[in-house]
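Structure, as structure tokens:
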Amino acid sequence: MRRDPHLNELGEFLKARRAELGPSEVGLRGGQRRRVSGLRREEVALLASISTEYYTRIEQGRLQASSALLDDIARVLRLNEAQRTYLFDLAARQKVRPPSSGDRQRVDPQLQRMLDDLTATPAFVIGRRTDILGWNQLAAGLWTDFGRYPEEERVFIRLLFTEPWMRELYADWEEVTRLAIAHLRMESARYPGEPRLAALVETLSARDAQFRQWWAEHDVAMRDKGTKKLRHPVVGELTLDWNTLTCGTDPEQHIIVWNAESGSPSHDALRLLASWTAEQKRTASDSVA
């Protein structure tokens, strides 16, 4: 019988989460010395009140588990909200139709005007598979003018791995990159078999061993908010907070807005960068004229 690749993925995800938990974390005694870290299958099965054989078939991708049973397994494995969402997306019997090649996302003109009006705040719009769909002038100054990349290469996670300036910009490049991979993993459950996403994963896997390693860890995360440290070549070190807003006309477009605490050195540096960016644009316009 041909196995459902989504159920195989679900099994690999459960296996990865099982490896992260020790017996004491779930109220079990450690027992004899273990050859590998993490819970054993029989321990997960015991805590979920099912047979080891039944759980094994789920983890091997040979069985479609019920929602109630998946809820029990999620409880046993201490899954967080993002991990639970990913688990149930993988297990969903009614799959979301993958976008066709012609379903490229576009930023609404009104949304782009809003971005342009944020003159002191860098912001960009990120879509499916981390496509960069729109950005404002200060975002171009902080990162780059994304318009200089062909549309198919204007992908945030791709730039993290292929562009040396991205590695230089992020003081915590590994943390940023692993989070981007976790976001992409989350999307892969919603759109099984989406060809452009699959091609992106294949390309990055072939060219970068770190991507292969981190992708295989099956970490997932939702876009929310956080703080990042950057090292900008013009204004120096920055500590910026970021937050995620969802586009009302397309919930799969996320507006990422960056700012700094008022009165902080990073806030002053952003204002300086805004002035520098505006001057660069004026100089370029004068040269063209």
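The values are calculated or read from the model by the stated rules, or taken from the named source; none is laboratory data. All of these numbers come straight from a predicted model, not from anything done at the bench. Quick reminder, even Gly has a Cβ in these numbers, built from the backbone with ideal geometry, and neighbours come from all protein chains shown. Quick note on the areas: whole protein, heavy atoms, side chains included, nothing else; ligands and nucleic acids left out. Shrake-Rupley method; radii C 1.70, N 1.55, O 1.52, S 1.80 Å.
Quick one: with all protein chains in place, what share of the accessible area of the chain is carbon or sulfur, to the nearest percent (1.4 Å probe)?
Values: 7430 of 15380 Å².
Here carbon and sulfur together make up 48 percent of the probe-accessible area.
Can you find, among VAL44, TRP215, SER264, the residue sitting farthest towards the positive end of the charge dipole of the chain, where Lys and Arg contribute +1 and Asp and Glu -1 at Cβ?
Farthest towards the positive end: VAL44.
Just to check I understand the Karplus step: with θ = phi - 60° and J = 6.51 cos²θ - 1.76 cosθ + 1.60, what whole-Hz values come out for the range 180-195, glycine and proline as x?
4, 5, 5, 5, 5, 4, 4, 5, 4, 6, 6, 10, x, x, 5, x
Charges only on Cβ, +1 for Lys and Arg, -1 for Asp and Glu: so what's the dipole of the chain about the Cα centre, in debye to the nearest 20? Let's see the in-between values first.
Numbers: 42 positive and 42 negative charges, 230 e Å.
With Lys and Arg at +1 and Asp and Glu at -1, about 1100 debye.
Please give the net charge around GLN110, taking every other residue with its beta carbon less than 15 angstrom from that of GLN110, where Lys and Arg add +1 and Asp and Glu add -1. Could you put the intermediate results ahead of the total?
Working: positive: ARG106, ARG113; negative: ASP108, ASP116, ASP117, ASP250.
Around GLN110, the surrounding residues sum to -2.
Nothing charged except the Cβ atoms of Lys and Arg (+1) and of Asp and Glu (-1): what's the magnitude of the dipole of the range 123-187 about its Cα centre? Round to the nearest 20 debye. Can you show the working numbers first?
Working: 8 positive and 11 negative charges, 31 e Å.
It comes to approximately 160 debye.
Starting at the first residue of the range 205-220, write each ³J(HN,Hα) from the Karplus equation 6.51 cos²θ - 1.76 cosθ + 1.60 with θ = phi - 60°, in whole Hz, x for Gly and Pro.
Here the 3J(HN,Hα) series is 5, 6, 9, 9, 5, 5, 4, 4, 5, 6, 5, 6, 7, 6, 6, 9 Hz.
Which one, HIS183, GLY226, SER205, is farthest towards the positive end of the dipole of the range 139-236 when Lys and Arg carry +1 and Asp and Glu -1 on their Cβ?
Result: GLY226.
Please give the per residue accessible area of the range 118-268, computed with a probe of 1.4 Å over protein heavy atoms only, in Å².
Result: 44 Å² per residue.
What residue among SER66, TRP242, ALA171 has its Cα farthest toward the positive end of the dipole of the chain, where the charges are +1 on Lys, Arg and -1 on Asp, Glu, each on the Cβ?
SER66
Which value, in debye to the nearest 20, gives the size of the charge dipole of the range 59-169 about its Cα centre, when Lys and Arg are +1 and Asp and Glu are -1 at the Cβ? Mind dumping the intermediate values first?
Details: 16 positive and 16 negative charges, 90 e Å.
Value, rounded to 20: 440 debye.
For the Cα atoms of the chain, what angle does the longest principal axis make with the long axis of helix 67-76, in degrees from 0 to 90, nearest 10?
For 67-76 against the chain, the angle is about 80 degrees.
Which cross-chain or sequence-distant (5 or more) residues have an amide H under 5 Å from the amide H of LEU21, H modelled 1.01 Å from N in plane?
LEU39
Which whole-Hz ³J(HN,Hα) couplings does the range 61-66 yield from phi under the Karplus relation 6.51 cos²θ - 1.76 cosθ + 1.60, θ = phi - 60°, glycine and proline marked x?
x, 9, 8, 8, 7, 6
What does the net charge come to around LEU77 if you take all other residues with beta carbon closer than 9 Å to its beta carbon, with K and R at +1 and D and E at -1? Could the numbers behind the result be given before it?
Details: positive: ARG17, ARG18, ARG75, ARG78; negative: GLU20.
Overall, the nearby charge balance is +3.
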